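Here's the structure we're looking at; comments come further down.
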Amino acid sequence: MPSREKSPVIPYDASKRNEVSRRLAVRTSLPSMKPFALYFILLGLALPSCDVGFAPAPLAMQSRDGASSTPDPVADSPSTDSPTPPTPGTPPSSGTTFKALWSGKHPQADEWTADAQASLANFGDALLAGPTDVTDFCPRFSRLGTNERIDFFVQFIAAMTKYESSFNPALRFTETSMGNDPVTGVQVQSEGLMQLSYVDELNYRAVVPAGACDFDFQGDKRYTIKDLRRSILDPKKNLTCAIAILNRQVERYNKLAVSSGAYWAVIKTDRSTNKLPEIKAITKALPFCQ
């Protein structure tokens with residue numbers, strides 16, 4: 001199991017927290033009614049015997065899975081913000097589910113994909129914007145739409161997971177060079193799909209969005225050591241925290257592969273144990289990256 005090292009903590013820029021959510025939002029609004037209202041008022045005066053009305057057809061929005069839905073007229077009222085130009089790329093697929101590297105490797109693997117997609121949308125703004133070295137992993141990244149960018153990073157995370165935990169959400173590894181975990185009081189343990197530790201909740205509390213690393217050591221004491229109900233082993237919580245940490249790395253260095261400051265040795269350029277060639281081969285094989 002690759003070892004890792006602690007990274008210095010730098011305050012989190014909270015203004016970025018909802019940037020991706022704003023970018024992913026579909027802004028739709030009903031056309032202004034004032035000109036139509038005046039027209040029909042005048043028409044009504046000219047033709048008092050006519051019952052004239054106007055009901056604009058509701059606009060359709062496309063959800064992530066390609067299905068159409070009718071917008072809530074209150075929730076979808078016009079925004080005062082300038083609309084963001086659409087990201088170039090392929091439109092969302094209609095009802096197809098992205099199959100990541102871990103699909104078929106675990107009964108809940110497709111749930112991990114959905115969890116990672118949601119976490120990237122919420123906590124992956126710097127990742128989705130495109131680190132400077134992202135084309136080393138996906139040559140066509142700049143031409144991808146938002147959904148494809150999310151799916152690329154799901155595959156990137158899945159590739160890391162292959163080498164961090166072999167897709168085993170209950171895996172534990174003792175970090176012999178990192179001392180005691182101040183939360184548990186014993187030697188630091190890396191746990192779960194992305195090999196995180198309870199101390200990460202303390203180390204990254206100030207620099208990742210609230211709730212991203214939601215581990216509860218005291219509450220976890222009620223479960224056995226391999227029980228996936230333990231918060232640190234819960235795949236959704238584990239992946240969410242890992243994505244927030246990786247996003248923080250890109251905020252600081254604007255790179256996926258760095259010589260220092262990386263949480264995981266598998267993406268450190270100066271480690272002989274890195275798995276960068278293997279990860280690049282996995283992500284470059286994605287059809288939309290070719």
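The values are calculated or read from the model by the stated rules, or taken from the named source; none is laboratory data. This is a predicted model, so every value here is computed, not measured. Glycine also receives a Cβ, built like all others from the backbone with ideal geometry; neighbour counts cover every protein chain displayed. Just the protein is used for accessible areas: all its heavy atoms, side chains included, with ligands, DNA and RNA removed. Shrake-Rupley method; radii C 1.70, N 1.55, O 1.52, S 1.80 Å.
Numbers for the structure displayed
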| quantity | calculated |
| --- | --- |
| Among residues of region 236-290, those that are in contact with a strand residue (DSSP E or B) (Cβ under 8 Å, 6 or more places away or on another chain) and either at positive phi or polar (S, T, N, Q) (or both), counted | 6 |
| Search result, residues across region 107-123 that are buried (at least 23 other Cβ atoms within 10 Å of the Cβ) and touching a residue at least 60 places away in the same chain (Cβ under 8 Å) | W112, A116, S119, L120, F123 |
| Number of positions in region 239-264 that are assigned to a helix (DSSP H, G or I) and in contact with a Phe, Trp or Tyr (Cβ under 9 Å, 6 or more places away or on another chain) | 12 |
| Any hit, region 228-235, residues being touching a Leu at 6+ places or on another chain (Cβ under 8 Å) and closer than 24 Å to F152 by Cβ | yes |
| Cβ pairs under 9 Å, 6+ apart, first in region 189-211 and acidic (D, E), second surrounded by fewer than 18 Cβ atoms within 10 Å (Cβ to Cβ) and assigned to a strand (DSSP E or B) | E191/R172; E191/F173 |
| Selected residue (criterion: most open to solvent (accessible area, probe 1.4 Å)) from residues of region 275-290 that are touching a residue at least 24 places away in the same chain (Cβ under 8 Å) and not aliphatic (A, V, I, L, M) | Q290 |
| Residue identified as surrounded by 16 or more Cβ atoms within 10 Å (Cβ to Cβ) and modelled with pLDDT under 95 among T87, T70 | T87 |
| In region 152-175, residue farthest from Q108 (Cα to Cα) [restricted to those that are hydrophobic (A, V, I, L, M, F, W, C) and open to solvent by 20 Å² or more (accessible area, probe 1.4 Å)] | F173 |
| Residue match in region 233-248 (condition: β-branched (V, I, T), open to solvent by 10 Å² or more (accessible area, probe 1.4 Å) and free of Cβ contacts under 8 Å to residues at least 24 places away in the same chain) | no |
| Exclusive hit being within 21 Å of N168 (Cα to Cα), loosely packed, with under 15 Cβ neighbours inside 10 Å and among the aromatic types (F, W, Y), set Y223, Y198 | Y223 |
| From the options F137, F167, F156, residue that is in contact with a His (Cβ under 7 Å, 6 or more places away or on another chain) and of a type outside the set (D, E, K, R) | F167 |
| Qualifying positions in region 254-273 - free of Cβ contacts under 8 Å to residues at least 40 places away in the same chain and crowded, with 18+ Cβ neighbours inside 10 Å | V258, K268 |
| Residue match in region 125-140 (condition: touching a residue at least 40 places away in the same chain (Cβ under 8 Å), open to solvent by 40 Å² or more (accessible area, probe 1.4 Å) and of a type in the set (F, W, Y)) | no |
